[in-house]
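The values are calculated or read from the model by the stated rules, or taken from the named source; none is laboratory data. All of these numbers come straight from a predicted model, not from anything done at the bench. All Cβ positions, glycine included, derive from the backbone under ideal geometry; neighbour counts span all protein chains shown.
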């Protein structure tokens with residue numbers, strides 16, 4: 001199965017199949033009956049997510065007097081579902097524009113190396129397995145401790161017996177798992193698109209450096225240079241379209257990480273005051289687990305966004321490294337225009353507020369530490 005997707009000409013096929021399985025990508029070639037059945041399936045998963053948010057919201061309200069730590073723990077776990085649900089909403093709203101972008105890429109004639117295809121697939125599988133493993137581990141621990149994974153309303157008393165508790169955990173798992181897999185499928189297509197654009201920019205850099213001018217090959221060299229310029233313009237269009245489609249997606253991602261850091265800062269402050277030893281580790285473990293997942297996903301987006309900036313700026317350096325001194329004046333002017341344009345890097349912005357890069361990730365970590373330090377000083 002793995003080698004099947006690696007060998008396919010459609011290098012997004014694994015990601016698109018993942019999106020289809022989680023109810024986010026209907027096939028254009030389906031019949032009307034197939035499409036309508038799929039829409040029912042899509043709406044059903046939407047309703048599952050809404051139901052999870054409703055019953056956990058009721059559960060949090062019912063147990064609001066259980067203590068600040070319990071309240072923060074439930075909010076932290078519910079935040080994951082809200083984060084995923086909002087992402088799915090924006091993705092669905094821009095799905096047609098994303099489909100047009102992907103179809104344009106697939107019909108462009110561009111290729112992606114086999115190693116890159118493997119990396120695209122491995123990244124999605126790795127993140128999915130890790131996220132499901134962490135969530136599954138906390139669910140199993142909750143079962144062993146005879147506790148609910150997250151407080152939620154049930155039509156029966158989940159703490160009446162071990163069987164009731166297991167049934168409640170299964171219901172929550174069935175409701176949350178599709179929502180989580182949707183978020184991971186969306187992350188996969190975002191990462192694959194970014195890696196594709198970066199690969200094409202690297203290819204353009206190499207093609208620019210390979211340009212050599214002589215009177216004998218002037219015509220072929222001009223054709224190659226114009227093809228490079230046309231492809232660079234096309235990559236600019238792809239990057240802008242991708243940014244327009246996912247700008248709200250990245251904004252939600254950054255806001256979720258910020259809120260997660262704030263909740264962890266508050267929880268660490270409270271626990272350091274009121275709890276010690278084993279009890280402290282037990283309370284902080286879920287917070288640390290979800291925080292690490294949030295930071296891992298944020299780092300992936302920021303790293304790829306940073307790579308996109310670097311590779312787009314490197315086009316200008318590659319153009320300058322050519323043997324342009326021997327070129328005709330008109331080609332030198334065209335090359336200068338290319339350099340000027342390439343000095344403005346491609347960016348993935350989060351709602352137009354900030355761009356996805358390593359600096360943004362570092363700033364998020366710094367802000368989280370600053371919040372923790374301020375809260376700790378205020379309490380002391």
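Worth a mention:
- Residue under evaluation residue 174, criteria (1) within 18 Å of the chain's Cα centre (by Cα); (2) closer than 22 Å to residue 290 by Cβ, criterion not met: (1)
- In region 244-277, of all residues being surrounded by fewer than 15 Cβ atoms within 10 Å (Cβ to Cβ) and in a loop (DSSP other than H, G, I, E, B), the one that is modelled with the lowest pLDDT corresponds to 277.
- Qualifying residue in region 181-202 (condition: in a helix (DSSP H, G or I) and more than 30 Å from residue 97 (Cα to Cα)): no
- Taking first residues from region 93-113 that are at pLDDT 85 or above and partners that are surrounded by fewer than 17 Cβ atoms within 10 Å (Cβ to Cβ) and assigned to a loop (DSSP other than H, G, I, E, B), the Cβ contacts under 9 Å between residues at least 6 apart in sequence or on separate chains come to 99/28; 103/28; 106/9; 106/10.
- Odd one out for residue 132, checked against (1) farther than 30 Å from residue 234 by Cα; (2) in contact (Cβ under 8 Å) with a residue 60 or more places away in the chain: (2)
- For region 13-31, a residue qualifies if it is part of a helix (DSSP H, G or I), at pLDDT below 90 and surrounded by fewer than 18 Cβ atoms within 10 Å (Cβ to Cβ), and exactly one does: 13.
- First in region 216-243 and assigned to a helix (DSSP H, G or I), second anywhere and modelled with pLDDT of 95 or more, Cβ under 6 Å, 6 or more apart: none
- Being more than 30 Å from residue 314 (Cα to Cα), touching a residue at least 24 places away in the same chain (Cβ under 8 Å), within 17 Å of the chain's Cα centre (by Cα) and surrounded by fewer than 22 Cβ atoms within 10 Å (Cβ to Cβ) is a property that does not hold for residue 191.
- Residues (surrounded by fewer than 18 Cβ atoms within 10 Å (Cβ to Cβ) and closer than 20 Å to residue 181 by Cβ) located in region 100-122: 122
- Residues (over 11 Å from residue 241 (Cβ atoms) and part of a helix (DSSP H, G or I)) located in region 100-121: 103, 106, 114, 115, 116, 117, 118, 119, 120, 121
- If you go through region 142-172 and keep only what is assigned to a helix (DSSP H, G or I), touching a residue at least 12 places away in the same chain (Cβ under 8 Å) and either more than 20 Å from residue 57 (Cβ to Cβ) or in contact with a helix residue (DSSP H, G or I) (Cβ under 6 Å, 6 or more places away or on another chain) (or both), you end up with 143, 162, 165, 166, 169.
- Taking the conditions (1) more than 18 Å from residue 298 (Cα to Cα); (2) buried (at least 21 other Cβ atoms within 10 Å of the Cβ); (3) in contact with a helix residue (DSSP H, G or I) (Cβ under 6 Å, 6 or more places away or on another chain) in turn, residue 241 satisfies each one other than (2).
- Considering 156, 225, 146, the condition of being over 30 Å from residue 78 (Cβ atoms) and more than 29 Å from the chain's Cα centre (by Cα) is satisfied by 225 alone.
- Here residue 309 meets each of (1) surrounded by 15 or more Cβ atoms within 10 Å (Cβ to Cβ); (2) at pLDDT below 90 with one exception, condition (2).
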